[in-house]
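Read the structure below first, then the notes.
The values are calculated or read from the model by the stated rules, or taken from the named source; none is laboratory data. Predicted model, so just to flag it, every value in this text is computed and none were measured. Ideal geometry is used to build each Cβ from the backbone, glycine not excepted, and the neighbour counts take in all protein chains shown. Areas reflect the complete protein model, heavy atoms only, side chains present, ligands, DNA and RNA absent. Shrake-Rupley method; radii C 1.70, N 1.55, O 1.52, S 1.80 Å.
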Amino acid sequence: MESQYKAAAIEQKWQQQWQDEGLYLTSEDKNKPKFYALSMFPYPSGNLHMGHVRNYVITDTIARLKTMQGYRVLHPMGWDAFGLPAENAAIDRGIPPAKWTYQNIDFMKAQLQPLGLSLDWNREVTTCSPDYYKWTQWLFLQFLTAGLAYQKEAAVNWDPIDQTVLANEQVDSEGYSWRSGAKVERKLLRQWFFKITDYAEQLLNDLDKLPGWPERVKLMQANWIGKSVGAYLEFPVVGMDEKIAVFTTRPDTVYGVTYVVLAPEHPLTAQVTTPEQKAAVEAFIKEVASESEIERTAEDKPKKGILTGGKAINPFNDREIPILIADYVLYEYGTGAVMGVPAHDTRDFKFATEKGLAIETVIVPADAADEKAVLKKAYTDPGVVINSDLFNGMDSIAAKTEIIKYAEKQGYGKARIQYRLRDWLISRQRYWGAPIPVIHCPSCGTVPVPDEDLPVKLPDNIEFSGRGPSPLAKIDEWVNVPCPSCGEPAKRETDTMDTFIDSSWYFLRYSDANNETEAFNKDKVNDWMGVDQYVGGIEHAILHLLYSRFFTKVLRDRGLVDVDEPFQRLLTQGMVQAITYKNPTTGKYIPAAKVNPENPQDPETGETLSVFYEKMSKSKYNGVDPKDVIDAYGADTARMFVMFKAPPEKDLEWDDADVEGQFRYLNKVWNIVKDFIANPASAKQKRKDKLSKEEKDLRRSIHTAIKEVSEDLEGDYQFNTAISELMKLRNALGDAKCKNSPVYAEGIDTLIKLLAPFAPHIAEDLWHQLGNNDSIHQQKWPEVDRAALIVDEITLVIQINGKFRGKIQAPASSDKQALEELARNSEIGKKHLDGKEIKKVIVVPGKLVNFVVAK
């Protein structure tokens, strides 16, 4: 019997019932082990896309599985809700950022509901809500108290027309403001930083504590931290009591230093510049100020530099060397100065050759024929030290240590470890962010806002123009306040915090999301942390994950949490891609609806289009709206497709035919269960002590499915192969000849339970149709009966002179002699061997017996 599978009605019914019953509220039963499953929370852009769907379905499947395996599961959701788009909406459309954000949250939440996710919405957090950013501000003050928050001057993107600071996203690839069109300049402003560099070594070393993270992500973080072991050296400036400090990983080349380079923004630049060079240096600084950091440090970009006229002393050989400034040296990185060793650094060699600077060879290959040969390129390998006084003839690697010792003894420098990682600039000259909770007093200096005065709320009476200083700086009644310490007139900090701060602790808040008196209760946060499975995009591999690790370590040191690392296991899901059509001549993307896939041509020009898979995007006209898929097939089909199409860490290529394939599979499951319900004889029978061969085979298929699916859902989460096993089980049930057996009933029960984490609605509906009252999602995950996997009978093929003549059943434990006897005495054997001379018998245990007879 078949009845129609109506996904929409089933899914709406069970989503409502789950909500009414509070099925997904987090269990506090401490007798159960905990499991914290978390997807990276989204920015409320207003549109749910297939990338979101894939992320949330992966986490939901894991959460449902763990619940059935007996864990109490925390599976929350929230919104990373501060950020620039809301402010842009206010400027462009006159919509207050809060209104725009909360409208988008409501819309996206409504889009999420049809997926049937097992989320505990009672723990929802929204980072732009005062009841959340109150604690973000409180945590900032923890950093301030610990000496980990400080102010210093740093470069920002400055729009000279609008007289405002721009985020990097507001500067186009050519370096122009996307709003005013002005050439963006770099300008120094006093800004707030977090001292993440204090934790650089811990952040690097503790990557070893994360075996559940992809090696690729750990390598990206290690490279970002960028530990370098070398020397800190000082070069005295001629004619003044100043020294230029540099860091180098090549102290073995110090005798080959022929110039030093300052960052244009370096405070010493103005001091060392001679009157003759002042105009040229100032013009150069102005030119460089318009370039972004990326432009200045790009490997493929020619390096620009200019002589300042100033001189420094190389203390190792007492030679005067020129001081230059160059675009590729950044004041924010390292010491803001570098030493030039053109003979042994590729960049320096090119730069010195172009500028006519001296090149001094101090390392040569061990087998060098001519130490004075003119270099055609930099020699960067190890070798033998020359032209280096005491160290001549020494192996260059050994010389590193010896030269550092000499520098320390002479007072020229010392050994140092340096990191590529820089302190975290957290200031934003924007409105839509958490206000930094400090007050600047002329008498007391920087004063923290008292805890009892938190949150420092964002004012509502804001006018957004996109011009001038931060919108907050224009609200006098908000800025001007009495000093909390002395009561004198003072001013609030008008910068807001980087939104990465909001997302660096949200996973802690979920443990105690409704606490009004603390950021989180220590017992509760320690009960749930760390996150057992974190799921999100690879694009967050560095900043978000690194900042979250940093936050966790700081809060551990403040006694607020006990864990060292926030995320025990990390799954970085691949992108969702779709067929994309592009005109190779114009570079324009063409909507798929306007293209004949059999003959892809530009509908306007007739040119043949390039066809390839690319990440779904509105601008590429290749997106698939999740709503369209759910409306056509149901959420369970959409869920099954995104799990089946590719392993979770790989990119997924969208294919409508494969979506239909999953829909057909769910229909097959529906029909086989409905047939069973219509003929439930097997459910009423008791299991016999001795099973027939058909029953044994079916039970083996059932428990093989349990074993394989369970194994696929541990470790690397191979959802695609798990679903393949579900398909095999459905086929085994469909082919079974023992549909009136209790084993068949066991198979139906098992199929629905194994399907439940993947397709929760259809599994729930069929479970209840079988007469069960409790939710399938609260049932125990099936366990493997290892005995059922044992094959106690084999199918033995009988051949005569290599030709198949039939097959019989034989005990699996039979040895060669027993198999020969069974074959010889079988009806097939008697029929084909009677009266024949058997010359040879070939027995392949477990497979066949071949009788070679005289012809």
How much of the accessible area of the stretch 182-327, in percent, comes from carbon and sulfur atoms when a 1.4 Å probe is used? 53
In whole angstrom, how far apart do the alpha carbon centroids of the stretch 41-111 and the stretch 136-167 sit? 27
Carbon + sulfur, % of accessible area of the stretch 506-645 - ligands and nucleic acids excluded, 1.4 Å: 47
Per-residue [θ]222 nm for the chain (sum of -39500 (n - 2.57) over DSSP H runs n ≥ 4, rounded to 500): -10500 deg cm²/dmol
For the pair THR446 and ASN526, how long in nm is the line joining their label points, each one 7 Å along Cα→Cβ? 3.2
Leaving ligands, DNA and RNA out of it, report the carbon-plus-sulfur percent of the accessible area of the stretch 330-489 at a 1.4 Å probe. 50
Any idea which of GLY846, LEU204, VAL673 is furthest toward the positive side of the dipole for the chain, if Lys and Arg beta-carbons carry +1 and Asp and Glu beta-carbons -1? GLY846
Full-extension gain in nm, ARG664 to ASN205, via 0.36 nm per residue minus C-alpha separation: 160.3 nm
Under 1.5 on a/c is rounded, so check that first for the stretch 150-304, then, if it is not, pick prolate when a/b is larger than b/c and oblate when it is not; a ≥ b ≥ c are the square roots of the alpha carbon gyration tensor eigenvalues. oblate
Gain upon complete extension [ILE677, VAL791; 0.36 nm per residue less C-alpha separation]: 38.0 nm
All lysines inside 19 Å of LYS707 as judged from Cα atoms, apart from same-chain residues fewer than 8 positions distant: LYS66, LYS696, LYS728, LYS753, LYS780
Virtual spin-label span in nm between SER27 and ASN599, 7 Å along Cα→Cβ: 6.2
Where the centroid of each part is defined by its Cα atoms, how far is the stretch 228-242 from the stretch 516-580 in Å? 41
Taking the solvent-accessible surface of protein heavy atoms with a 1.4 Å probe, what is the per residue accessible area of the stretch 249-394 in Å²? 48
Cα shape, the stretch 31-181, gyration tensor, a/c 1.5 rule: prolate
Using a Förster distance of 30 Å, how high is the FRET efficiency between LYS780 and GLN17, based on the Cβ-Cβ distance and rounded to 0.05? 0.90
Taking square-rooted eigenvalues a ≥ b ≥ c of the alpha carbon gyration tensor, is the stretch 313-412 rounded, prolate or oblate, where a/c under 1.5 means rounded and, failing that, a/b exceeding b/c means prolate? oblate
I'd like the GluC sites (Glu not before Pro) in the stretch 803-848 restricted to DSSP loop residues with at most 12 other Cβ atoms within 10 Å, sorted by number. GLU837
Relative contact order of the stretch 564-656, defined on C-alpha pairs under 8 angstrom at six or more residues apart (%): 38
Considering only protein heavy atoms, with the full assembly of protein chains and a 1.4 angstrom probe, order THR517, THR361, THR353, THR59 by accessible area, largest first. THR517, THR353, THR361, THR59
From the cross-link list LYS693/LYS831; LYS152/LYS183; LYS13/LYS620; LYS195/LYS301; LYS286/LYS615, the entries with a Cα-Cα span beyond 28 Å are LYS13/LYS620; LYS195/LYS301; LYS286/LYS615
Label points 7 Å out from Cα along the Cβ direction at ASP625 and ILE417: separation in nm? 5.5
Roughly how much of ARG416 is accessible, in Å² to the nearest 10, using a 1.4 Å probe? 80
What percent does the relative contact order of the stretch 619-763 come to when contacts are Cα pairs within less than 8 Å and at least six residues apart? 32
Could you state the accessible area per residue of the stretch 490-549 in Å², with a 1.4 Å probe and every protein chain left in place? 30
For LYS376, give me every one of the aspartates and glutamates with a C-alpha distance below 18 angstrom, ignoring sequence neighbours fewer than eight places off in its own chain. ASP345, ASP348, GLU354, GLU360, ASP367
Which of the trypsin sites (Lys or Arg not before Pro) across the stretch 30-64 are loop residues per DSSP, with 15 or fewer other Cβ within 10 Å? LYS30
Would you mind checking which residues have amide H under 5 Å from TYR176's amide H? H placed 1.01 Å from N; only 5 or more apart, or other chain. VAL184
Rounded to the nearest whole Å², what accessible area per residue is found for the stretch 659-813 with the 1.4 Å probe? 45
Mean separation of Cα contacts under 8 Å (at least 6 apart) over the residue count of the chain, i.e. the relative contact order in percent, is 13
Looking at the stretch 547-646, which GluC sites (Glu not before Pro) are DSSP coil and have at most 15 other C-beta atoms within 10 Å of their C-beta? GLU598, GLU604, GLU607
Counting DSSP beta bridges with both ends in the chain, the antiparallel % (nearest 5): 80
